[in-house]
């Protein structure tokens, strides 16, 4: 979850090995996700009191403070976290973002450089540092950073790995087109996730649907699925074979955008995903522009091509 550039990550980044403290942090994160900020703060404070060195609790308290508009408290929590554990990069990322929010460019540069000292060649950090240089009016520094020979060499190695996978699976015998695409995609995602033992410096960067901020997409291989539908045309015959029924398909068209925005608003109002297409059904029934679509067939289409619940529909892109 990202709030104003500060990220809550799973509790396994804490330097505490106490299961009770870890449970407090996890429970606090669940409360935060559910919108119960007061309960989350209470649990994070308790975890920090149980173990003053619990850097994840401090990082999460910074998120809570920033959510409440208290930048000074957020800054204090993050500084404490990196003083206790200098290589706790999540807090350093968040500290850099906090400085960026306040246009404290020099301090942001220092934090991003600290991250690169621990994690050389990390492209998201390099990209963010270049953006800060541009904001400072130092375009030449940004250009120099992005054209650094080490960074270019790492990028070439990454591209070469992808081409090797393409060549291998295109030549593989006894595989259907679907199997080749699926295996290639998994190979690419494992490379990006670092699961194949190679560099983890390269990550896919996406956009948070709520606030438009960039987020690093992780665990891609684990969430990968591939399904084929017999009909993606947007029409299917039900009942009378001479009467086609409209399906709301996923794509770059006005009705999909209306549906997507309405579903997002509905999930916000409900405090999250209710699952099992509960909110999808409500939106399709209530939006006048969408009532022309067959509800049952549209839900079947979503289930076959997207996933089992409203969250997957909300995150869907072009099929």
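The values are calculated or read from the model by the stated rules, or taken from the named source; none is laboratory data. Values in this document were obtained by computation on a predicted structure and should not be read as measured data. Backbone-built Cβ (ideal geometry, glycine too); neighbour counts: all protein chains shown.
So which of 225, 293 ends up being at pLDDT 85 or above and either under 30 Å from residue 187 (Cα atoms) or in contact with a strand residue (DSSP E or B) (Cβ under 9 Å, 6 or more places away or on another chain) (or both)?
293
Out of curiosity, is residue 299 assigned to a loop (DSSP other than H, G, I, E, B), closer than 29 Å to residue 185 by Cα, outside the structural domain of residue 36 (by TED's automatic domain parsing) and modelled with pLDDT of 85 or more?
no
Can you tell me which residue in the stretch 239-250 is modelled with the lowest pLDDT, limited to those that are more than 21 Å from the chain's Cα centre (by Cα), surrounded by 13 or more Cβ atoms within 10 Å (Cβ to Cβ) and not in a strand (DSSP E or B)?
Only one residue tops the list, namely 249.
Would you tally the residues in the stretch 282-296 being surrounded by fewer than 15 Cβ atoms within 10 Å (Cβ to Cβ) and in a helix (DSSP H, G or I)?
5
Which pairs do you get when a residue that is at positive phi, found in the stretch 97-112, comes within reach of a residue that is surrounded by fewer than 22 Cβ atoms within 10 Å (Cβ to Cβ) and assigned to a helix (DSSP H, G or I), reach meaning Cβ atoms under 8 angstrom, with the pair 6+ apart or on two chains?
Taking only residues 6 or more apart or on different chains, the pairs are 103/135.
Given (1) part of a loop (DSSP other than H, G, I, E, B); (2) loosely packed, with under 13 Cβ neighbours inside 10 Å, where does residue 307 come up short, assuming only one miss?
(2)
Check off (1) modelled with pLDDT of 90 or more; (2) surrounded by fewer than 15 Cβ atoms within 10 Å (Cβ to Cβ) for residue 98 and give me the number that stays unchecked.
The failed condition is (2).
Of the conditions (1) free of Cβ contacts under 8 Å to residues at least 60 places away in the same chain; (2) surrounded by 21 or more Cβ atoms within 10 Å (Cβ to Cβ); (3) under 21 Å from residue 207 (Cα atoms), residue 135 fails just one. Which one is it?
If we test residue 135 against (1) free of Cβ contacts under 8 Å to residues at least 60 places away in the same chain; (2) surrounded by 21 or more Cβ atoms within 10 Å (Cβ to Cβ); (3) under 21 Å from residue 207 (Cα atoms), just (2) comes out false.
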